[in-house]
Amino acid sequence: MSSTGVQVIAVTSGKGGVGKTNTSINIAASLAKQGHKVMLMDADLGLANVDVNLGLQCSFNMAHVMSGEKTLSEIVLTGPFDMQVVPAASGIYEMAGLQNEQLQHLIQAFSEYNGKLDYLIIDTAAGISDNVLAFLNAAHQMIVIACDEPSSITDAYALIKVMSQRYGATRFHFLASMVKNEKEGRALYTKIERVVDHYLGATMLYLGSTPHDDQLRIANKQQKAVVQAAPMANSSRAYMQMAAIVERWEAPTGLSGQVEFFVDRLLQRKA
């Protein structure tokens, strides 16, 4: 593993169906398009879909790494703009609740991985399961996604509250999904930010918003990242703008920037 800092970013949501995986894929692809070395890890370990969304064929996945059958390098796929994709298992119940022995295999797999990385994007499952919370707590940055619906807003706040009260998290990035325009996205952010600040004393920063976009829907059907399939689409421009903000985040240094440190923290929080 490279000794340079690797920015580990977890993308999450309290409620499913708000564009979390699209966000993970397209921010990762946008960063890779700018020349960064990016790995996208599907951490929805029981109901994986990143490889499907990108039209990638995989014979092996994270389950084979957890069991020690395969190394990380042996399961990594190549996605848009040469970004690396780590597929997870789909329909395997045991993967939804990892044990420490399995996580030890994950630590070893990342420690032995020799590829250079600038960013590791973690696409978590939705909700507040122990697996999700462990991935969030082990990451350097958290992106929380919500759309302007009562259940999505409530669940996003619940997720932030659990991370704040249980793990002491004080900093979150917010993405408004499926909004009419930037004004609506900002308004949604302000609505949630005020509650987070007042009741939790946490900082929530505005990352951006993604609009309703037919081009994104078409790209999904084509099993492609929209920033690749339709680079001039409104959603593509939004994802590229958010990636530009991510590029300005301060990179970690020393051991805290290595991916094996991320999985080591992951193990500690699961213990």
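Table: residues versus (1) of a type in the set (A, V, I, L, M); (2) at positive phi; (3) at pLDDT below 95; (4) surrounded by fewer than 15 Cβ atoms within 10 Å (Cβ to Cβ).
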residue	(1), (2), (3), (4)
His105	no, no, yes, no
Glu112	no, no, yes, yes
Ala126	yes, no, yes, no
Phe135	no, no, yes, no
Ser151	no, no, no, yes
Ser164	no, no, no, no
Leu188	yes, no, no, no
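Restricting attention to region 48-57, the residues that are part of a loop (DSSP other than H, G, I, E, B) and on the phi < 0 side of the Ramachandran plot total 5. Where helices (runs of 4 or more DSSP H) fall entirely within region 121-232, those with at least 3 residues that are without any contact (Cβ under 8 Å) to a residue 60 or more places away in the chain and among the aliphatic types (A, V, I, L, M) are at 150-167, 182-195.
Among the candidates Val18, Val52, the residue that is closer than 21 Å to Asn131 by Cβ, touching a residue at least 24 places away in the same chain (Cβ under 8 Å), among the hydrophobic types (A, V, I, L, M, F, W, C) and surrounded by fewer than 19 Cβ atoms within 10 Å (Cβ to Cβ) is uniquely Val52. Of all the listed residues (Leu45, Leu31, Leu40), the sole one being part of a loop (DSSP other than H, G, I, E, B), of a type in the set (A, V, I, L, M, F, W, C), within 14 Å of the chain's Cα centre (by Cα) and buried (at least 24 other Cβ atoms within 10 Å of the Cβ) is Leu45. Residue count for region 36-86 satisfying the condition of being of a type outside the set (A, V, I, L, M) and in contact with a strand residue (DSSP E or B) (Cβ under 9 Å, 6 or more places away or on another chain): 15.
The values are calculated or read from the model by the stated rules, or taken from the named source; none is laboratory data. All figures in this text were calculated on a predicted structure; none of them were measured in a lab. Glycine gets a Cβ as well: all are built from the backbone with ideal geometry, and neighbour counts include every protein chain shown.
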